[in-house]
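Right, one structure below, let's go through it.
The values are calculated or read from the model by the stated rules, or taken from the named source; none is laboratory data. Everything numeric here is computed off the predicted structure, so don't read it as measured data. Glycine gets a Cβ as well: all are built from the backbone with ideal geometry, and neighbour counts include every protein chain shown. What goes into the accessible areas is simple: the full protein's heavy atoms, side chains included, and nothing from ligands, DNA or RNA. Shrake-Rupley method; radii C 1.70, N 1.55, O 1.52, S 1.80 Å.
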Amino acid sequence: NIYVKRENMKKIIHVMRMSILVNVMLAIGKILAGWLGSSGALIADGIHSFSDLITDFCAILGSKMAAKPADKEHPYGHGRLEYMTSLVIGVMILGVGFSVIYGAFSREITIPSVFVILVSFISIVAKLGLSTYLIRKGNEYHSNILTASGKESRTDVVSSFVVLLSSSCMQFTNEIPILKYADLVAMIVVGILIVHVGFGVLKENLSAVLGEREMDREVQNEIEALAQSYEEIYHIESIYLIKYGPYYCLDLVIHMDGGLTLIYAHKIVDQLENQIQKKYPNIQYLNIHMEPEEK
């Protein structure tokens, strides 16, 4: 996020590590409980938790890789490695989702243990708490990564609720025989949710790889206000803010008093650059083009 300060990055990574720890515990717990309790849906839900875990791990790994400094071959740094990593992870998540759906049609029908209901309920409570925490910290640190991870955790809550509902329904199979298919239906639903996560990751990062423009109008207005605080700058012709992983590149075209000396005009531009980078520490590359204009 363009508002993220460098001192907040360590705090963000700390929160992500906590999220990874919780997801590991939940994923392993649900898969073991699903295996012991004869619930394919709970096993699928555990795999869904692993998909959340993978996206969290991808966020940390991608950020670290993207932080590699610029070199001769990559003058704008390696920020887009974050997107490339995410694309690979997105394909993997899609594969997992389709595998879960395929597995639903080849699984034998068994009545899950009541123990499965308890584990599903605990998972719902834990993921609700985690998602609320991630979204709150995301807003506090202006981190899109934390906010997105929190929203994905809400999806995991939905899948756990589906498992809870299917496991509860299957306890009444003797009275209503058709309910014996509830576990298979739940597996398909959870598989679709996993596929949805995978498509979401691919869609978001494909756009970024192509050079996605930051469309936050509030940010553009603030940059314009900084530029127009100088009486020598008449107006802004264009603003292009391009995402490069954890940082941004700003292309700005300004119209200035044509009667200024080149040295003085350059001094004004330097001051503007310093102000912009002070306010937005994640704008690491600035290209400001000056156009002369008569008063």
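Of everything in segment 173-211 that's among the aliphatic types (A, V, I, L, M) and open to solvent by 80 Å² or more (accessible area, probe 1.4 Å), which residue is modelled with the lowest pLDDT? Lay out the reasoning, then the answer.
Let us first name the residues in segment 173-211 that are among the aliphatic types (A, V, I, L, M), namely 176, 178-179, 182, 184-190, 192-195, 197, 201-202, 206, 208-210.
Restricting the remaining residues to those that are open to solvent by 80 Å² or more (accessible area, probe 1.4 Å) gives 176, 178, 185, 192, 206, 210.
On the way: 176: 88, 178: 88, 185: 87, 192: 88, 206: 76, 210: 65.
If we take residues in segment 173-211 being among the aliphatic types (A, V, I, L, M) and open to solvent by 80 Å² or more (accessible area, probe 1.4 Å), then 210 is modelled with the lowest pLDDT.
On the given criteria, is residue 170 at pLDDT 80 or above and among the hydrophobic types (A, V, I, L, M, F, W, C)?
Numbers: at pLDDT 80 or above: yes; among the hydrophobic types (A, V, I, L, M, F, W, C): yes.
Yes, satisfied.
Assuming residue 158 fulfils every condition listed in (1) in a helix (DSSP H, G or I); (2) more than 19 Å from the chain's Cα centre (by Cα); (3) farther than 18 Å from residue 24 by Cβ apart from one, which condition is it?
(2)
Run down 63, 51 and say which single residue is within 13 Å of residue 100 (Cα to Cα), under 22 Å from the mean Cα position of the chain (by Cα), open to solvent by less than 50 Å² (accessible area, probe 1.4 Å) and at pLDDT below 80.
Numbers: 63 fails: within 13 Å of residue 100 (Cα to Cα).
Result: 51 is the single residue among 63, 51 that is within 13 Å of residue 100 (Cα to Cα), under 22 Å from the mean Cα position of the chain (by Cα), open to solvent by less than 50 Å² (accessible area, probe 1.4 Å) and at pLDDT below 80.
Under the condition of being in a helix (DSSP H, G or I) and open to solvent by 10 Å² or more (accessible area, probe 1.4 Å), which residue from segment 28-47 is modelled with the lowest pLDDT?
Residue satisfying both the conditions and the ranking: 47.
Restricting attention to segment 90-119, and to residues there that are closer than 10 Å to residue 38 by Cβ and hydroxyl-bearing (Ser, Thr, Tyr), which single residue is surrounded by the fewest Cβ atoms within 10 Å (Cβ to Cβ)?
It comes out as 110.
Say we look at segment 224-266 and pick out the residues that are assigned to a helix (DSSP H, G or I) and free of Cβ contacts under 8 Å to residues at least 40 places away in the same chain; which of these is least open to solvent (accessible area, probe 1.4 Å)?
265
From (1) closer than 15 Å to residue 42 by Cβ; (2) modelled with pLDDT under 85; (3) out of contact with any Gly (no Cβ under 6 Å at 6 or more places or on another chain), pick out the condition that doesn't hold for residue 139.
Failed condition: (1).
Please determine, by comparing only the residues of segment 142-167 that are among the β-branched types (Val, Ile, Thr) and closer than 20 Å to residue 19 by Cβ, which one is modelled with the lowest pLDDT. Before you say what the answer is, go through the steps one by one.
If we filter segment 142-167 for residues that are among the β-branched types (Val, Ile, Thr), which is where we start, we get 145, 147, 155, 157-158, 162-163.
From what is left, the residues that are closer than 20 Å to residue 19 by Cβ are 145, 147, 155, 157-158.
Details: 145: 68, 147: 74, 155: 73, 157: 83, 158: 82.
The qualifying residue modelled with the lowest pLDDT is 145.
Scan segment 17-27 residue by residue and report those that are surrounded by fewer than 14 Cβ atoms within 10 Å (Cβ to Cβ) and of a type in the set (A, V, I, L, M). Spell out how you get there, then give the answer.
Step one: filter segment 17-27 for residues surrounded by fewer than 14 Cβ atoms within 10 Å (Cβ to Cβ), giving 17, 21, 25.
Within segment 17-27, 21, 25 meet the criteria.
With the requirement that a residue be more than 15 Å from residue 227 (Cβ to Cβ) and open to solvent by 70 Å² or more (accessible area, probe 1.4 Å), what does segment 267-293 give you?
Of the residues in segment 267-293, the ones more than 15 Å from residue 227 (Cβ to Cβ) are 281-282, 284-285, 292.
Hits for segment 267-293 are 284, 292.
Just the residues that are among the polar types (S, T, N, Q) and part of a helix (DSSP H, G or I), please, taken from segment 103-135. Before you say what the answer is, go through the steps one by one.
First, the residues of segment 103-135 that are among the polar types (S, T, N, Q): 106, 110, 113, 120, 123, 131-132.
Scanning segment 103-135 gives 120, 123, 131, 132.
Going through 237, 214 one at a time, which residue ends up being more than 19 Å from residue 44 (Cβ to Cβ) and modelled with pLDDT of 85 or more? Can you show your working first?
Numbers: 214 fails: modelled with pLDDT of 85 or more.
Matching residue, one of 237, 214: 237.
Looking at (1) modelled with pLDDT under 75; (2) more than 16 Å from the chain's Cα centre (by Cα); (3) open to solvent by 20 Å² or more (accessible area, probe 1.4 Å), which one does residue 81 not meet, given that it meets all the others?
Exception for residue 81: condition (2).
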